[in-house]
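Comments concern the structure below.
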Amino acid sequence: MRKVTTQRGYEPHPQHPNPGADTVQILIGSPTLGIIRMEWHNAMTGMVSPPNWSVVRSTPTGYTVADAQNLLVDAVLRGKFRALLLIEDDTCPPPETLIVFDRWLWKMERRKAPPVISGLYHIKGSAEVAPKGSNRKKFGLLGPEPLIYRGSGTRAYRDWTPGDVVACSGVPTGALLIHRDILEAWAREPDVEAVTLPGYPTPVKRIFQSPSYVWTDPATGASHISAGTSDLWWSAQTIARGIFAKAGWPTHGKREYPFLVDTSLRFGHVDRATGRIY
């Protein structure tokens, strides 16, 4: 626990590392293009808040996912927020979401949990369907693919049972709680550029990026394209840059799989066209 001194000079109670800051101080951010399903809206408004909780929400509209995420990070760092909770506009949170994440934040503040925790959701349209009347087990079907990854270029990690807390190296941003310390450490990286986005008054650090590369093979003359998503890029870069240690979380940063997914916190993944929730 970091040593904190109150305004009167007293050291804090060991169970309360941030005395005088008894508001929750979490920003809930949802990047969106402005077109959402009613199922998602109902799920967002249906989240139960812990007792005496205040909720701050932000919905950057009309930006790419990565740019919107960077706007949200900037809002956290310019304010007094202790964490950023990313909920994308097609992941439907269960009612207990804020209660569970509030408990995780309590543990984060006391260094009893890593500073990045994800809920669980699955890829849309990924459910395997056995032929009608057949034995599902006979076909070895896996069902919807969970967004939990251990290592780049691998399939989803499935060696867990519902309710487990699973360690991993790649997490999605559709249901992700990130402690402020991690975002501050990212913002201090000397090679992270600041960009100006339309409609936003100040430059923001490009902490999230959607990587895309185009190159030509000099030997064959063939053209190649590589593209990815901001969530897995951010996960890999957080590990590669040693962000956990730079943020003051060296123990968690030394682990092969530093992120956690709480599989008891299952988000739905809604299909915008049909309303089906995976």
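The values are calculated or read from the model by the stated rules, or taken from the named source; none is laboratory data. The structure presented is a predicted model; accordingly, all values stated were derived computationally and were not measured. Counting neighbours? That spans all protein chains shown, and the Cβs are built from the backbone with ideal geometry, glycine included. All accessible areas refer to the heavy atoms of the entire protein, side chains included, with ligands and DNA or RNA removed. Shrake-Rupley method; radii C 1.70, N 1.55, O 1.52, S 1.80 Å.
In vacuum, with every alpha carbon of segment 40-121 counted as one equal point scatterer, what does the Debye formula give for log10 I(q)/I(0) at q = 0.17 Å⁻¹? Two decimals, please.
Scattering profile of segment 40-121, log10 relative to I(0): -0.80.
So which of 80/254; 124/254; 124/205; 80/246 end up more than 26 Å apart by C-alpha?
80/254; 124/254; 124/205
Could you tell me the calculated FRET efficiency between residue 200 and residue 55, based on Cβ-Cβ distance and R0 = 22 angstrom, to the nearest 0.05?
0.45
Could you compute the net charge surrounding residue 239? Neighbours are other residues with a C-beta less than 15 Å from the C-beta of residue 239; K and R count +1, D and E count -1. Present the calculation step by step, with values, prior to reporting the outcome.
Numbers: positive: 150, 241, 246, 254, 255; negative: 189, 231, 256.
Around residue 239, the charge tally is +2.
Add +1 for every Lys or Arg and -1 for every Asp or Glu among the other residues with Cβ under 14 Å from the Cβ of residue 271, and state the total. Don't skip to the answer; put the middle values down first.
Details: positive: 37, 124, 272, 276; negative: 39, 88, 89, 90.
Charge balance in the 14 Å sphere: 0.
Just the accessible area for residue 193, please: 1.4 Å probe, Å², rounded to the nearest 10?
90 Å²
Compute the length gained on full extension between residue 272 and residue 256: take 0.36 nm times their separation in residues and subtract their Cα-Cα distance, giving the result in nm to one decimal. If you can, show how the numbers build up before the last one.
Working: separation 16, 0.36 × 16 = 5.76 nm, distance 3.56 nm.
Fully extending the segment from residue 272 to residue 256 adds 2.2 nm.
Just to confirm a number: summing +1 for Lys and Arg and -1 for Asp and Glu over residues other than residue 259 whose beta-carbon lies under 15 angstrom from that of residue 259, what do you get?
0
Could you tell me the relative contact order of segment 29-83? Use alpha-carbon pairs under 8 Å, at least six residues apart, and round to a whole percent.
On the way: 38 pairs, mean separation 27.1, N = 55.
Computed over segment 29-83, the figure is 49 percent.
Taking amide hydrogens as modeled 1.01 Å from N in the peptide plane, which residues meet the under 5 Å criterion relative to residue 92, leaving out close sequence neighbours?
Hits under the 5 Å cutoff: 268, 269, 270.
Using a basic spin-label model with each label point 7 Å from the Cα along Cα→Cβ, how many nm lie between residue 126 and residue 160?
1.2 nm
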